[in-house]
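First comes the structure, then the notes that go with it.
The values are calculated or read from the model by the stated rules, or taken from the named source; none is laboratory data. Everything numeric here is computed off the predicted structure, so don't read it as measured data. Here Cβ is always computed from backbone atoms with ideal geometry, including for glycine, and neighbour counts include all displayed protein chains. Surface accessibility is based on the protein's heavy atoms, side chains included, excluding ligands, DNA and RNA. Shrake-Rupley method; radii C 1.70, N 1.55, O 1.52, S 1.80 Å.
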Amino acid sequence: MKTDRMQLICDSLACERGGRQVFAGVNFTVSAGEAMVVTGRNGAGKSTLLRVIAGLLRAAQGQVTLTGLAGAADEASLPEQAHYLGHLDAAKPSLTVRENLTFWADFLGASGDPAIDTALEAVELDTLADLPAAYLSAGQKRRLSIARLLAVKRPVWLLDEPTSALDAPSQARLTSFMCEHLAGGGFIVAATHGPIGLDAPRELRMGAAG
Amino acid sequence: MALIDLANPTRFLALASRVLPWLAAVTAIVFAYGLYRVAYAPDDYQQGATVKIMFLHVPSAWLAMMGWGLMTVAALGTLVWRHPLADVAVKAAAPIGAAFTFICLVTGSLWGRPMWGTYWVWDARLTSVLVLFLLYLGMLALYWTADDPNRAARAAAILALVGAVNIPIIKFSVDWWNTLHQPASVVRMDGPAIDPTILVPLLVMALAFTLLFFTLHIAAMRNEILRRRVRSMRMMQAANA
Amino acid sequence: MSLGPHASFIVVAYIATALVVAGLLIWIVRDYAVQRRILSDLESRGIKRRSQREDRV
Amino acid sequence: MTAFTSLILRDMRLSVRVGGGALMGALFYFVVVSMIPFAIGPDLNLLARIGPAMLWIGALLSTLLALDRLFASDHDDGSLDLLTMSSLPLELTVAAKAIAHWLTTALPLVIITPVLGLMLNIELSAMGYVALTLLAGTPSLTFIGLIGAALSVTLRRGGLLMAILVLPLTVPVLIFGVAAANAAIVGPAPFGPPFTILCALSLASFVLGPFAAAAALRQGQE
């Protein structure tokens, strides 16, 4: 993955939902290896911003581009280069933990079985690999979601309250995954209320300017 | 039935392991004897050799009804006495009852074709069995779609009781419906009083089928108990991980 | 033993019954093997049921 | 494994697991069709005449009702978000889900059709043709119903609304399906022309359905 010159550029982004303007005039640039934390009160549009970046919502104005990616049309490819970790865990209760992860790895871009085993070990779900996901607790399901970020390599991580439902050791592990990802030249945009353990991330305050 | 005494699933498992081989052996012996008697049973003077289908058809019809009866009693066990094995009994009986109802319908239409000239008539008797089959399928569908066995247990018990109340009503209404629109082409099968040379093989086959039902039912109950054990152990596994 | 003019119907009826019963039998036997295998697998990982001394379903 | 086949396999696997919908469509079809004679009476000649129409109406209803949760379940657990973030075009994603749904829901329905035909007094030789028309026609029902399933995610009201939206769209399929089946049973019109049109409708819906459904899903992201 060649990411040295990559930049995630957000240009005067605005979003409307149901006729109401959620945010407007959001500008930022994130370079490879950088993390940005989006903060703000409830309803300030943190989740909406992440969904716009992920291509799950349409921007009313402005655009998000990922530049510098070798051999790909920039704007269209951003959702394909991004992992979105939302509030929902996209785990099917009747499939086993391994089946769930294998499917997403195959669907989002094949990585092969070793990647899946290492990802499951990294989030300490390897002992539960053959258990249907219905038996998992909220925190375990969240860890299964995080395993997806590890099993499929994508440069941009869009994390919406990534630490929710996680206990302290799991949060620490998530922090180390994020550091590794940044060290490998990845991007992180995280919406959060509290600290997520990264040292000196850039901060974008939503709703502060009105 | 011994189900009432066996409140403890572990004791049931132990007993099932001890009883099942013997029960299976007895079933096989009675079946062999029954089939031998069937092979040498005389032909019916009206229906010829096709009367041999009756030795499958009548016992499976009897089991189709007994299956639902067993589910009804077990359903009372679930709802009234909260017996831990009652729901296991209902769930294990459903596919077996459905299979025997299916055998009854298939053999019936294979018997009907040479006798009546058609595989299926909307005759009151056939139609009631068809409705019973649909009820069994509904019961199976209920168990397929529910992932929580405890919630499925109550719903299935209620369905079993409602079915038990409804089957006589359905039978009655179908009889009445059929007399209004009696199709002319159907030959009624009011055979002569049954001769002992046919009655004895029929009774032996009925006994064999009943034994088979209970063998399968106990084995299926054992599977279901193990399945629930797996479920609770998996929950412990997830909680401890 | 002669089965008369409708022999095929009789034979098919017996075969169909045998198939349905065999299907039930195979399903039950396989199901038993599968559950046993999962249980022994879980037990080998040292997982105990909620109340190992007083067994419940 | 490619994204396309892995999605088909996942959806098929989901539908045969606990809580999945495989065979439910066929079951609904069986129940609905065997209820109809109770309403019109056990007149075998009448049943034989309207049998194909009853089978088609049963197939139509069960295919549509079974489609109800096709996208809604993926939407509710967040899978739909991730499904749209793949390099696989959304049209193909949607088509993969439809194919899996047809294989697990509509194909069993086609397979049990001969049994129902027996009960409706349809000739053994004609029954094969009726099943053939369903085999050729149910894909188009699934792919047209796909549009309704996608719209009902957007509109957050599944079930009845979806049936109201989609049933009128299936009119041509119904007309040519029943026409082909009737041609095979009573004649005198040849079986070929209506059956060919039915196949053409299916092929057209393979194209139209995924595009319209993908557009509806994109619209629903507002």
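Things to note:
- The one condition from (1) open to solvent by 30 Å² or more (accessible area, probe 1.4 Å); (2) in a helix (DSSP H, G or I); (3) among the acidic types (Asp, Glu) that residue B:147 does not meet is (2).
- Among residues of the range B:109-135 that are more than 9 Å from every other protein chain (Cβ to nearest Cβ) and open to solvent by 30 Å² or more (accessible area, probe 1.4 Å), those with a beta-carbon under 9 Å from a residue that is charged (D, E, K, R) and in a loop (DSSP other than H, G, I, E, B) at least six positions away or on a different chain give the pairs B:116/B:123.
- Selection count where residues are open to solvent by 70 Å² or more (accessible area, probe 1.4 Å) and of a type outside the set (Asp, Glu), scope the range A:180-210: 9
- Within the range D:41-59, considering residues that are aliphatic (A, V, I, L, M) and open to solvent by 10 Å² or more (accessible area, probe 1.4 Å), the one farthest from residue B:122 (Cα to Cα): D:57
- Annotation: residue A:124 fulfils all but one of (1) assigned to a loop (DSSP other than H, G, I, E, B); (2) of a type in the set (D, E, K, R); (3) under 30 Å from residue A:25 (Cα atoms); (4) open to solvent by 60 Å² or more (accessible area, probe 1.4 Å); the unmet one is (3).
Residue-by-condition table, conditions (1) open to solvent by 20 Å² or more (accessible area, probe 1.4 Å); (2) of a type in the set (S, T, N, Q):
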| site | (1), (2) |
| --- | --- |
| D:39 | yes, no |
| D:63 | no, yes |
| D:79 | no, yes |
| D:83 | no, no |
| D:97 | no, no |
| D:105 | no, yes |
| D:113 | no, yes |
| D:129 | yes, no |
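- Scan of the range D:136-167 for residues that are surrounded by fewer than 18 Cβ atoms within 10 Å (Cβ to Cβ) and closer than 23 Å to residue D:195 by Cβ, ordered by number: D:167
- Flag if residue D:112 is free of Cβ contacts under 8 Å to residues at least 40 places away in the same chain and not small (Gly, Ala, Ser): no
- Some residue of the range B:70-89 being closer than 26 Å to residue B:204 by Cβ, part of a helix (DSSP H, G or I), in contact with a helix residue (DSSP H, G or I) (Cβ under 7 Å, 6 or more places away or on another chain) and open to solvent by 10 Å² or more (accessible area, probe 1.4 Å): yes
Residue-wise test of (1) over 17 Å from residue D:87 (Cβ atoms); (2) modelled with pLDDT under 80; (3) among the acidic types (Asp, Glu).
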| site | (1), (2), (3) |
| --- | --- |
| A:48 | yes, no, no |
| A:52 | yes, no, no |
| A:62 | yes, yes, no |
| A:65 | yes, yes, no |
| A:70 | no, yes, no |
| A:79 | no, yes, no |
| A:84 | no, no, no |
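- Within the range A:123-148, residues that are under 15 Å from residue A:162 (Cβ atoms) have Cβ atoms under 9 Å from residues that are part of a loop (DSSP other than H, G, I, E, B) and of a type in the set (S, T, N, Q) in these pairs: A:138/A:164; A:142/A:163; A:142/A:164, counting only partners at least 6 apart in sequence or on another chain.
- Entry remark, the range A:8-30: residues being among the polar types (S, T, N, Q) and either crowded, with 16+ Cβ neighbours inside 10 Å or closer than 19 Å to residue A:192 by Cα (or both) number 2 in total.
- In the condition set (1) touching an Asp or Glu at 6+ places or on another chain (Cβ under 9 Å); (2) at the interface with chain C (Cβ under 10 Å from one of its Cβ atoms), residue B:78 is compliant with all but (2).
- Any hit, the range A:156-174, residues being out of contact with any helix residue (DSSP H, G or I) (no Cβ under 9 Å at 6 or more places or on another chain) and open to solvent by less than 20 Å² (accessible area, probe 1.4 Å): no
- The criterion of being farther than 12 Å from residue B:213 by Cβ, in a helix (DSSP H, G or I) and open to solvent by 20 Å² or more (accessible area, probe 1.4 Å) holds for residue B:35.
- Selection within the range D:65-77: residues that are within 14 Å of chain A (Cβ to nearest Cβ) and charged (D, E, K, R). The member of this set that is least open to solvent (accessible area, probe 1.4 Å) is D:74.
- Tally, over the range D:129-144, of residues that are among the aromatic types (Phe, Trp, Tyr) and over 8 Å from the mean Cα position of the chain (by Cα): 1
- Failed condition for residue A:134, given (1) facing chain D (nearest Cβ under 9 Å); (2) modelled with pLDDT of 80 or more; (3) open to solvent by less than 40 Å² (accessible area, probe 1.4 Å): (3)
- Scanning the range C:26-50 for residues that are open to solvent by 80 Å² or more (accessible area, probe 1.4 Å) and at pLDDT 80 or above yields a total of 8.
- The condition of being hydrophobic (A, V, I, L, M, F, W, C) and crowded, with 21+ Cβ neighbours inside 10 Å holds for only one of A:107, A:177, that being A:107.
- In a residue-by-residue description of the range D:161-168, the property of being in a helix (DSSP H, G or I) and farther than 16 Å from residue D:62 by Cα applies to no position.
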